[in-house]
Amino acid sequence: MRRTTLAVLFVGFFAVPAFAAKQMPLTIDLGAQNNSGETGTATLTPEGHKTKVVIEMSNAPAGVVQPAHIHAGTCDNLDKAPKWKLEPVKDGKSTTMVPVSLATILKDKTAINVHKSPTEIQVYVACGDIAHSKK
């Protein structure tokens, strides 16, 4: 009985920090593009098999809806087709629950970008590369 208790405590001691490390949010800097002056952060928080993405922008135009997405690739070389759609940024804020785990997002090179508006979707105003895990 004593050995079992000791073994459970020993395993639990190492399992808790490893689990906690996997649950840490990841914050991405969003840099201005096309002379927009818009910068900010995107915080990706693992929530089981989903990921909460919170975007906070500075210098975003008031009342303007700005589409946002996670794309395959990097800010320098984005795949034009969004991999995951995010809630549009409005008044500098957006919160989205992405239907995949953070580990899934981190498997490949991806980036978060924010567009100028729905009618000027081709104009990127901010972008940030999401660091991916090495294979």
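The values are calculated or read from the model by the stated rules, or taken from the named source; none is laboratory data. If you're wondering where the values come from, they're calculated on a predicted model, not measured in any experiment. Positions of Cβ are backbone-derived with ideal geometry, glycine not excepted, and every protein chain shown enters the neighbour counts.
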If the requirement is being at pLDDT 95 or above and either over 12 Å from the mean Cα position of the chain (by Cα) or not in a helix (DSSP H, G or I) (or both), which of these qualifies: 18, 42? 42
From the option list 80, 52, single residue qualifying as at pLDDT below 95, surrounded by fewer than 17 Cβ atoms within 10 Å (Cβ to Cβ), of a type outside the set (Asp, Glu) and part of a strand (DSSP E or B) is 80
Going by the conditions given, is residue 70 part of a helix (DSSP H, G or I) and buried (at least 16 other Cβ atoms within 10 Å of the Cβ)? no
Looking across the stretch 83-96 at residues that are among the β-branched types (Val, Ile, Thr) and either in a loop (DSSP other than H, G, I, E, B) or within 12 Å of the chain's Cα centre (by Cα) (or both), the single one that is surrounded by the most Cβ atoms within 10 Å (Cβ to Cβ) is 96
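Report yes if residue 123 is more than 11 Å from the chain's Cα centre (by Cα), within 10 Å of residue 68 (Cα to Cα) and of a type in the set (Val, Ile, Thr), otherwise no.
Numbers: more than 11 Å from the chain's Cα centre (by Cα): yes; within 10 Å of residue 68 (Cα to Cα): no; of a type in the set (Val, Ile, Thr): yes.
Considered against the rule, which asks whether it is more than 11 Å from the chain's Cα centre (by Cα), within 10 Å of residue 68 (Cα to Cα) and of a type in the set (Val, Ile, Thr), residue 123 comes out as no.
Name the single residue that is modelled with the lowest pLDDT among those in the stretch 97-135 being of a type in the set (D, E, K, R) and surrounded by fewer than 20 Cβ atoms within 10 Å (Cβ to Cβ). Before you say what the answer is, go through the steps one by one.
Of the residues in the stretch 97-135, the ones of a type in the set (D, E, K, R) are 107-109, 116, 120, 129, 134-135.
Subset that is surrounded by fewer than 20 Cβ atoms within 10 Å (Cβ to Cβ): 107-109, 120, 129, 134-135.
On the way: 107: 93, 108: 92, 109: 95, 120: 95, 129: 97, 134: 51, 135: 47.
Applying the filter and picking the extreme gives 135.
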